[in-house]
Amino acid sequence: MISQQSIQQLLSRIDIIDIVGSFVNLKKRGANYLGLCPFHNEKSPSFTVSPSKEIYKCFGCGKSGNSIGFLMEHEKYSYVESLRWLAQKYNVELEETETTPEQKQKVQTSESLFIINNFARDFFADALFNTEEGQDNGLSYLKERGFREDIIKKFEIGYDPQSGHAFADAAKDAKYDEELLLQTGLVVNRYDKLQDNYRERIIFPIHNQSGKVMGFGARVLSSNTKAPKYINTPENEVYSKSKILYGTYFARQAIDKADECLLVEGYTDVVSLHQAGIENVVASGGTSLTPDQLRLIKKYTKNLTIIYDGDSAGINAALRGLNLAIEEGLYVQLLLIPDKEDPDSYVNKIGTTAFREFVQNEKKDFVIFQLEVALSQAGNDSTRKMEIVNEVADTISRINKTEEFTRRQDYIKTVAQKLKIDEEGFNNLVNKLIRDKIFKDQTKTERQSFDESTLEPEDKQQEEFDLLVNDDSKYERGLIRVLLEYGLKPWNEEITVADYLIKEIEENELDKMMQEELLTSIYLIYKKMYHKDEHPVTKHFLYHPDEKISALVVKAMGIPLEISPNWDTHYDGKILKPEDMYKEEVSSTLQYLKLKKLKQLILENQQLLETATKADDQLLYMQTHQHLKAIEKAITKNLGMVIVKL
């Protein structure tokens, strides 16, 4: 786990304009910066970044957050991955706490493997572009396939010379550890000598989500060899084939914007489609989809379109991942490339526009496709048709989340019609399978006890947070906002805004009526820090270790609209800004909160009056009502409000 001291050191270096500006073209507009939102397609910029508040907000799609939140949303990093990205950017060494010697060794090994992989990537790229052999063999092959140099460089494609030891010799000269070199799979030990494992092959680096090279795919060039067409990196500390999809690093933003992921089989399919301008595409490497790969896709979108070759092998490969994808809550469609083509050759054959139209018009719902394929293969075999009923019912039963009820019922109706069976009976079969699965899962859960200590420290630190703030708490949020934003400003010659607010909150017991528990927590933390002379400011809470507090502060702060810089040419006199009127804002916010509490007291008093039976009690409650209404009238008068009698 990363120490709080390291996190605070890192946060002190953060510049939100620097961080967001690494991904978005920002232009200064008044006190803030403006750009096109990276989270949705727009032509007029509505994405605003406030350097003073250190938050961003899009007034188009509504997304907002701080610097770390931006990295988590834009790059799909975890909290810890975001911290590591920032540490690398600002050259801050992160201190790990509660780390065992084994964990330290694991981290060191991972870092060493990444370093070796980066060295190998650079070596192979240099061999491709800057050696005669690389240009004659590797580069000429890639250009014959139609790849431009810019796309080759984008994906950092390289070449390993045919000598069989060129890379091994370079790695040894660079003093890399032999054992680690063997772990990468880049070299093998033959006759007590390190030799290249990928000799005379085109090298495709495989990147993780942050752009680090974690492994390689190597395609053989010679057609006169019995060697496998592709060799991939073996499993090691940084490379796990079941957890990666080729091209994710380059496709992640396009997938997010398109809200659709195109899944193909091969590396060259991905590269060709990117070159054609279709960038929301990744590759499975020709293997069956795994739960980890599907969850990786789900981080970006719930809409998955699988594009495979139209032969029987392609169809079977596509169908193997169906049930897993449905269980992960993905909406899956299938597209088969015709005429014995693959995505690489087909996009080059028909062009980008036609390929996009082909995808849009020809993709089919996966469940229905599975049914149609099975029926076409079954022919007149009645026994096989009965098996199909059970198979499709099993598939539909995996759509068992409450929010997907309508989707499941639509499938049941469509499938029953296609199979020409009773819809109610088929519905009962699906429901039975759902009940059986739930019972099986419950039994399994009861037999297993979950040991929280098995969680990795980073897993605990990465805990997901979704914060929903009730509209009724807007006055409490306003109180916290003015406390954070203006607390250290002077209220008068003797006290600060924080002194004034804390005194008023205590005297009126306003902290006890805050509906959002986190708001109360923020107030108490602020009060404790203030009384210890720690000068609490917004940043302390914007990057608070409790991510729920951080998210709530982002929502509470907001980015105010700015006055046009040309307005002073039309207005004679000083134009007041929010910071010029902070006392009025503090006062009105406090009054609104008092008014809310007063309305609650009036309602409670009315309830007591309605149930009172003694004359003395009734008189007391009536007098109390008059007194409360008088206070209400005074407050609303100060606020410029009108009380409406219903």
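The values are calculated or read from the model by the stated rules, or taken from the named source; none is laboratory data. This structure is a prediction, so every number in the text was calculated from the model and none was measured. Using ideal geometry, Cβ is built from the backbone for each residue, glycine included, and neighbour counts are taken over all protein chains shown. Surface accessibility is based on the protein's heavy atoms, side chains included, excluding ligands, DNA and RNA. Shrake-Rupley method; radii C 1.70, N 1.55, O 1.52, S 1.80 Å.
At-a-glance table
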item	result
The range 170-209, residues that are surrounded by fewer than 16 Cβ atoms within 10 Å (Cβ to Cβ) and either among the hydrophobic types (A, V, I, L, M, F, W, C) or on the phi < 0 side of the Ramachandran plot (or both)	K172, D173, A174, D177, E178, E179, V188, N189, R190, K193
Number of the condition not met by I68 [criteria: (1) assigned to a helix (DSSP H, G or I); (2) open to solvent by 50 Å² or more (accessible area, probe 1.4 Å); (3) of a type outside the set (G, A, S)]	(2)
Boolean, E579 is modelled with pLDDT under 80 and open to solvent by 50 Å² or more (accessible area, probe 1.4 Å)	yes
Segments classed as helices (runs of 4 or more DSSP H), wholly inside the range 233-301, with at least 2 members that are at pLDDT 90 or above and hydrophobic (A, V, I, L, M, F, W, C)	248-258, 267-275
The range 31-45 - residue that is open to solvent by 20 Å² or more (accessible area, probe 1.4 Å) and among the small types (G, A, S) and, of those, modelled with the lowest pLDDT	A31
Residue in the range 126-137 that is part of a loop (DSSP other than H, G, I, E, B), over 24 Å from N236 (Cβ atoms) and out of contact with any helix residue (DSSP H, G or I) (no Cβ under 7 Å at 6 or more places or on another chain) present	yes
Qualifying position, being closer than 30 Å to E156 by Cβ, open to solvent by 40 Å² or more (accessible area, probe 1.4 Å) and outside any helix (DSSP H, G or I), among N118, N91	N91
Of all residues making up the range 320-374, the number that are closer than 17 Å to V271 by Cβ, β-branched (V, I, T) and open to solvent by less than 10 Å² (accessible area, probe 1.4 Å)	2
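Condition check ((1) touching a residue at least 24 places away in the same chain (Cβ under 8 Å); (2) over 21 Å from K363 (Cβ atoms)) across all residues:
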site	(1), (2)
N189	no, yes
H207	yes, yes
F216	yes, yes
S272	yes, no
